[in-house]
Amino acid sequence: MLKPIKRVDFASQRREMVEHQIAARGVRSDLVLTAMRAVPREEFLPAHLREFAYEDTPLPIAGEQTISQPYIVALMAEALLLKGGERVLDVGTGSGYAAAVLAEIAAEVYSVERIGQLAEKAASTLAALGYANVFVLHGDGTKGWPEHAPYDAIAVAAGGPKIPQSLQSQLKIGGRLVIPIGSEVRTQELVRITRISQTEFRREDLADVRFVPLLGKEGWEAEAEPWQPKLRVLRPAAETLPRAIAAAAEPFASIETADLDPLLTRIGDARVVLIGEASHGTSEFYRMRDKISRALIETKGFDFVAIEGDWPDAARIDHYVRHREYRPSEWTAFSRFPTWMWRNNEVRAFVDWLRGHNAARKPQTRVAFHGLDLYSLYDSIHFVLQYLDEVDPPSAKVARERYGCLTPWQTDPATYGYAALTGKYPICESDVVHALGDLLKKRQAYAAHDGERFLDAVQNARLITNAERYYRTMYYGSRASWNLRDDHMFKTLTTLLAHHGERSKGIVWAHNSHVGDATATEMSARGEHNLGEFCRKEFGQDCYAIGFGTDHGTVAAASEWGGPLEIKNVRSSLEGSVERLCHDSETPCFMVALRNRDAAHIQGLLKPRLERAIGVIYRPDSELASHYFEALLPDQFDEYIWFDASRAVSPLKTHELKGLPDTYPFGI
Ligand code: SAH
């Protein structure tokens, strides 16, 4: 016969315990009594001891340590004089029970445990119970946890010979430290130290107690130390993270109604705002980026938008949005693969708005639209020559000869790179560098003619020099060409900031993989750098990077480079990814700030996790290998914007463009 399972009613035992062992002994604080009623002590015990969870006694846990007697935990918690909302340091995590009680009252609890096995176990118990506001560190607690100091209150659950200086110094003025102190290892006086001023402390003796010894630098000397405490933070486990993310998130119902004020406050006076996208074909990313950009332009006076698109294409848009007076080139912006990336209704709406916005402004204060990318080698050659034909025909002739070196490879510049590599064909580097040099030498004469158009020509000539190298380095592997490209983008951005004036401000639209700091991702291990990393180095807090993410939906993408546009289904995010955590937060759309290192969701996210990047190509069948990489989200971005479900951008259709004036940049 099977033994009947003994059911234990822990909840009622807990209520009785609070009444008979705690309230009856004089603990009065409602906050403490409520906390003691809430924390399931049985969960912090090994299975065979659970039935004794509410006995009036300490109990053994691993490592020859003990979980404190419930009354002692309550007594200490009361002695800390907590009112709610504080930051508390707990030395001697042990089972994690006392930390949980404190976490019921305080805003954040930082708990330090010397024995790794206990720290590990406590962190996972706390996480499983949903305590996202407790952080466990494996280390010597006599030295406190200075990174999060000062504390409103510090509780020490092990007895030392004297009061650790480090702990005193980590108290706020007015803060309380409760610690057992005794000249003998096993008996102590529970004392409360209150910090009165920078240098003064008040001591009160509270009770006679018996705690396990506090071993460490500023405690009792540990005999033979079988191991070294490793300074390692055990963060809340993944399952509590979605909750922490949901708690920190600023949800919004739709892009139209989203309140941007908190985000704009966080952006503050940043000079550069980098706005990412997790694919090159998701409508939500484009529309939210549009909304943020309009707000930045209208409320913070941003001077230009610079996109991950080629200079000459963006220049055509710029001509339109800034109402330039000279004739536009007969040029359809973004007519090469991948056309949908910029030729879509989402971008068109912004471009039309920007033109309207600029109409009422003086020409020199109109907001500009630029391109940072370098794929337009031959178009750029065409524009440099066209410019020189107009302003300086003899120089045009020289330039035409120089650029002639590249002419044979017009249909596919990548073949130039290969041909140059074989050594059988000339390398055009010196020709294109000289062409740029010639142009720069005439800066004064040309710029006097029209500064904006000179910038246009110089940027095209710079693009040619970098693109020439780009196509050659492509064959040495992706790292060199990636770095060259992002370097070009960054230099173009700084040129633009200089061009638009000393205090000018710029918005960048580019893929997450360009705007998020590469040092926070596996790109950095491959030796790759990016625009976001350069911006962070150059502008520090004056640069604000926003990343985007989505779980599922549709996306506009091709199956291979140069292939046709398809509307593809985006698969739900993978286990272990940032996206899965956001999905599990059960908040369909939100913004979340990532700069505050102390927030619970940040602590949880500061661990490398998979992150998805869809580019112009999407291969759902090999998603993990093709589209996921590892990243530390809070180090990568300052803000993350989430759309659980998303849909593809809508590419411009020919019939929608019929009958538009030839000044229209998206003409057919
Ligand atoms: N608050 C715990 C009580 C644990 S007993 C609970 O309710 O379960 C005290 C703990 O302090 C032990 O786990 C012991 O390993 C730890 N300890 C002793 N010296 C320490 C030190 N210098 N730093 C951190 N933890 C220490």
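The values are calculated or read from the model by the stated rules, or taken from the named source; none is laboratory data. Predicted model, so just to flag it, every value in this text is computed and none were measured. So basically every Cβ, Gly included, is an ideal-geometry build from the backbone, and we count neighbours across all protein chains shown. These accessible areas exclude ligands, DNA and RNA; they are computed on the full protein's heavy atoms, side chains included. Shrake-Rupley method; radii C 1.70, N 1.55, O 1.52, S 1.80 Å.
Can you say whether Val73 is under 30 Å from Pro164 (Cα atoms), out of contact with any His (no Cβ under 7 Å at 6 or more places or on another chain), part of a helix (DSSP H, G or I) and within 14 Å of the ligand (Cβ to nearest atom), as far as the supplied structure shows? Explain how you work it out, then say what you get.
Working: under 30 Å from Pro164 (Cα atoms): yes; out of contact with any His (no Cβ under 7 Å at 6 or more places or on another chain): yes; part of a helix (DSSP H, G or I): yes; within 14 Å of the ligand (Cβ to nearest atom): yes.
So Val73 fits the description; yes.
Please enumerate the residues belonging to the stretch 358-383 that are more than 19 Å from Ile317 (Cβ to Cβ) and part of a helix (DSSP H, G or I).
Leu377, Tyr378, Ile381
Under the condition of being of a type in the set (Val, Ile, Thr) and near the ligand (Cβ under 9 Å from one of its atoms), which residue from the stretch 82-119 is nearest to Met36 (Cα to Cα)? Even if it seems obvious, please write down each step before you answer.
Going residue by residue through the stretch 82-119, those that are of a type in the set (Val, Ile, Thr) are 88, 91, 93, 101, 105, 109, 112, 115.
Of the ones still in play, those that are also near the ligand (Cβ under 9 Å from one of its atoms) are 91, 93, 101, 112, 115.
Details: Val91: 19, Thr93: 17, Val101: 6, Val112: 21, Ile115: 25 Å.
Ranking the qualifying residues of the stretch 82-119, first place goes to Val101.
Taking the stretch 330-386 on its own, how many of its residues are open to solvent by 40 Å² or more (accessible area, probe 1.4 Å), among the hydrophobic types (A, V, I, L, M, F, W, C) and farther than 30 Å from Tyr471 by Cα?
Counting residues in the stretch 330-386 that are open to solvent by 40 Å² or more (accessible area, probe 1.4 Å), among the hydrophobic types (A, V, I, L, M, F, W, C) and farther than 30 Å from Tyr471 by Cα gives 4.
Given the criterion over 21 Å from Glu221 (Cα atoms), open to solvent by less than 20 Å² (accessible area, probe 1.4 Å) and not hydroxyl-bearing (Ser, Thr, Tyr), identify the matching residue among Ile193, Ile179.
Values: Ile179 fails: over 21 Å from Glu221 (Cα atoms).
Result: Ile193 is the single residue among Ile193, Ile179 that is over 21 Å from Glu221 (Cα atoms), open to solvent by less than 20 Å² (accessible area, probe 1.4 Å) and not hydroxyl-bearing (Ser, Thr, Tyr).
Return the residue satisfying two criteria in turn: it lies in the stretch 199-241 and is closer than 30 Å to Ala600 by Cβ and away from the ligand (no atom under 16 Å from the Cβ), and of such residues it is modelled with the highest pLDDT. Break it down stepwise before answering.
Keep residues of the stretch 199-241 that are closer than 30 Å to Ala600 by Cβ, which gives 211-212, 214-219, 227-241.
Imposing the further condition that a residue be away from the ligand (no atom under 16 Å from the Cβ) reduces the set to 235-241.
Details: Arg235: 49, Pro236: 48, Ala237: 47, Ala238: 48, Glu239: 55, Thr240: 75, Leu241: 84.
Top of the filtered list is Leu241.
Tell me, which residue of the stretch 514-568 that is of a type in the set (Val, Ile, Thr) and open to solvent by less than 10 Å² (accessible area, probe 1.4 Å) is farthest from Arg619 (Cα to Cα)? Walk me through it before giving the result.
Filtering the stretch 514-568 down to residues of a type in the set (Val, Ile, Thr) leaves 515, 519, 521, 546, 550, 554-555, 567.
Subsequent filtering for residues that are open to solvent by less than 10 Å² (accessible area, probe 1.4 Å) retains 515, 546, 555.
On the way: Val515: 23, Ile546: 25, Val555: 11 Å.
Restricting to residues being of a type in the set (Val, Ile, Thr) and open to solvent by less than 10 Å² (accessible area, probe 1.4 Å), the top hit is Ile546.
What number of residues within the stretch 99-126 satisfy the criterion of being open to solvent by less than 10 Å² (accessible area, probe 1.4 Å) and in a strand (DSSP E or B)?
4
For the stretch 614-628, does any single residue satisfy the condition of being within 17 Å of Ala520 (Cβ to Cβ) and of a type in the set (A, V, I, L, M, F, W, C)? Don't jump to the end; show me each part of the working.
So in the stretch 614-628, the residues within 17 Å of Ala520 (Cβ to Cβ) come out as 628.
Those left that are additionally of a type in the set (A, V, I, L, M, F, W, C): none.
Looking for residues that are within 17 Å of Ala520 (Cβ to Cβ) and of a type in the set (A, V, I, L, M, F, W, C), one finds none in the stretch 614-628, hence no.
Exactly one condition in (1) outside any helix (DSSP H, G or I); (2) free of Cβ contacts under 8 Å to residues at least 40 places away in the same chain is not met by Leu82; state its number.
So the condition that Leu82 fails would be (2).
Is it fair to say Ala79 is within 12 Å of the ligand (Cβ to nearest atom), closer than 26 Å to Leu190 by Cα, modelled with pLDDT of 95 or more and of a type in the set (Gly, Ala, Ser)? Write out each step before concluding.
Working: within 12 Å of the ligand (Cβ to nearest atom): no; closer than 26 Å to Leu190 by Cα: yes; modelled with pLDDT of 95 or more: yes; of a type in the set (Gly, Ala, Ser): yes.
Judged against the criteria, Ala79 is not a match.
Out of all the residues in the stretch 437-460, which are surrounded by 20 or more Cβ atoms within 10 Å (Cβ to Cβ) and more than 38 Å from the chain's Cα centre (by Cα)?
Leu439, Tyr446
If you take just the helices (runs of 4 or more DSSP H) that sit entirely in the stretch 440-546, which of them hold at least 2 residues that are among the polar types (S, T, N, Q) and more than 19 Å from Ser293 (Cβ to Cβ)? Break it down into steps so the answer makes sense when it comes.
Values: elements: 443-449, 451-473, 478-499, 512-515, 531-539.
The helices (runs of 4 or more DSSP H) meeting that bar are 451-473, 478-499.
Here is a check on your reading of the model: is Ser376 among the small types (Gly, Ala, Ser), farther than 15 Å from Asp303 by Cα and over 32 Å from the mean Cα position of the chain (by Cα)? First the steps, then the outcome.
Working: among the small types (Gly, Ala, Ser): yes; farther than 15 Å from Asp303 by Cα: yes; over 32 Å from the mean Cα position of the chain (by Cα): no.
Spelling it out, it is not the case that Ser376 is among the small types (Gly, Ala, Ser), farther than 15 Å from Asp303 by Cα and over 32 Å from the mean Cα position of the chain (by Cα).
Take the stretch 127-150 and flag every residue that is within 11 Å of the ligand (Cβ to nearest atom), buried (at least 22 other Cβ atoms within 10 Å of the Cβ) and in a helix (DSSP H, G or I).
Of everything in the stretch 127-150, those that are within 11 Å of the ligand (Cβ to nearest atom), buried (at least 22 other Cβ atoms within 10 Å of the Cβ) and in a helix (DSSP H, G or I) turn out to be Gly141, Thr142.
Could you please let me know if Ile163 is modelled with pLDDT of 95 or more, touching a strand residue (DSSP E or B) at 6+ places or on another chain (Cβ under 8 Å), surrounded by fewer than 23 Cβ atoms within 10 Å (Cβ to Cβ) and part of a loop (DSSP other than H, G, I, E, B)?
Against the criterion (modelled with pLDDT of 95 or more, touching a strand residue (DSSP E or B) at 6+ places or on another chain (Cβ under 8 Å), surrounded by fewer than 23 Cβ atoms within 10 Å (Cβ to Cβ) and part of a loop (DSSP other than H, G, I, E, B)), Ile163 qualifies.
Restricting attention to the stretch 51-65, and to residues there that are surrounded by fewer than 17 Cβ atoms within 10 Å (Cβ to Cβ) and within 44 Å of the chain's Cα centre (by Cα), which single residue is nearest to Lys83 (Cα to Cα)? Lay out the reasoning, then the answer.
So the first thing to find is which residues in the stretch 51-65 are surrounded by fewer than 17 Cβ atoms within 10 Å (Cβ to Cβ), and the list is 51-52, 55-57, 60, 62-64.
Now narrow it down to the ones that are within 44 Å of the chain's Cα centre (by Cα): 60, 62-64.
Numbers: Pro60: 31, Ala62: 33, Gly63: 34, Glu64: 34 Å.
The residue in question is Pro60.
Consider the stretch 20-50. How many of its residues are under 44 Å from the mean Cα position of the chain (by Cα) and either part of a helix (DSSP H, G or I) or without any contact (Cβ under 8 Å) to a residue 40 or more places away in the chain (or both)?
Residues flagged as under 44 Å from the mean Cα position of the chain (by Cα) and either part of a helix (DSSP H, G or I) or without any contact (Cβ under 8 Å) to a residue 40 or more places away in the chain (or both) within the stretch 20-50 amount to 18.
Where residues in the stretch 626-663 are open to solvent by 10 Å² or more (accessible area, probe 1.4 Å) and under 18 Å from Arg316 (Cα atoms), which of them is nearest to the chain's Cα centre (by Cα)?
Among them, the one singled out is Leu652.
May I ask you to list the residues in the stretch 393-417 that are closer than 17 Å to Met474 by Cβ and modelled with pLDDT of 95 or more?
none
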